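Every read-out reported here was derived from the displayed coordinates using simple, explicitly stated rules and does not represent laboratory data. Note that this is a predicted model, so its numbers are computed, not measured. All Cβ positions, glycine included, derive from the backbone under ideal geometry; neighbour counts span all protein chains shown.
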Amino acid sequence: MSGVLQTVAASFRSQLLPLDRNTPSYTRGAEHGVAFVIEPRTKLEAYLAQREGNTLELKVQVPSGSDAKSVLRVMKTVCAFANGDGGSILFGVDDEGEAVGLPEEPVRRLIDDVTNLVESWVSPRPTVSFDVLPVDATGAQVVLELVVAAAGVLCGAGRPSEHPTVYVRHNGRSVPARPSEIEALVRSRSAGPAAGRFASTWL
C-alpha cells in the first residue's frame with residue numbers, strides 16, 4: 001500500500017467508530033447516532049492501515065484441511081478472539097499488510113471449508129461470520145474476512161482427537177492461557193463455586 005493510501009485510510013479510520021463488527025457501518029465520533037454505510041473496499045483499506053493486534057490477524061491463504069499445522073495456527077487465533085473481545089482474520093493479506101487477494105470464484109467453497117474447520121477444531125464452537133472484500137474494482141481478487149464474536153463461554157482449540165487448549169491474545173499473538181488467565185476468564189463468564197470446578201476442567 002502506498003504511503004498516501006495508508007495516510008488516507010488511517011485518517012478515515014480515526015474519524016469512524018464501528019457500530020457492529022459484522023457490518024461495514026460506522027458512525028462519526030462527533031455525530032453519534034448518524035450511521036454511514038462504508039463500501040467493502042473502503043473497509044479493507046481501513047483494515048490494511050492497521051497492524052496485527054488483539055483483534056486483527058492477517059493470513060495469506062486459507063489453511064488446507066490436510067495441513068494440520070496451518071489449521072491449528074488459524075484455529076488458535078479463532079479461539080483467542082472468542083475468549084477475548086472478538087476479532088477478524090483476513091485471508092488474502094500478507095504480513096506486510098499488502099492485499100495479495102484470493103480468487104473470487106472459489107470463495108464460497110472456502111467459507112464452507114473454514115466453517116467446518118472451526119466446528120471441528122474449536123470447542124464450544126464460537127459464533128463466526130464472513131465478509132468478502134474486493135481488492136480492486138473488478139472483484140476478481142478478494143480478501144475473505146472471518147469475523148469471530150466474543151463468546152459467552154470459555155473456548156479451547158486443538159486437533160479433533162486431542163483435549164483442546166485455551167488460547168488468549170497477547171500482543172498480536174495467540175498463546176496458551178496461563179492457569180490464572182483461565183480462572184479469570186471462567187469467573188468472568190460464570191459465578192459461584194461452579195466457576196472453580198469448571199475452570200479445573202481446562203487446567
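Quick notes on this structure:
- Shape of region 106-148, Cα gyration tensor, a/c cut at 1.5: prolate
- Region 51-200 - share of DSSP beta bridges that are antiparallel (%, nearest 5): 85
- Using a Förster distance of 25 Å, the FRET efficiency for Arg189-Asp112 (Cβ separation, nearest 0.05): 0.25
- With each label modelled as a point 7 angstrom along the Cα→C-beta vector, the Glu98-Lys69 pair spans 2.4 nm.
- Full extension of the chain between Arg51 and Ala137 yields a length gain of 28.5 nm, computed as 0.36 nm times the residue separation minus the alpha carbon distance.
- Three semi-axes describe the equivalent ellipsoid of region 51-200; taken as square roots of 5 times the Cα gyration tensor eigenvalues and ordered largest first, they are 30, 15, 13 Å.
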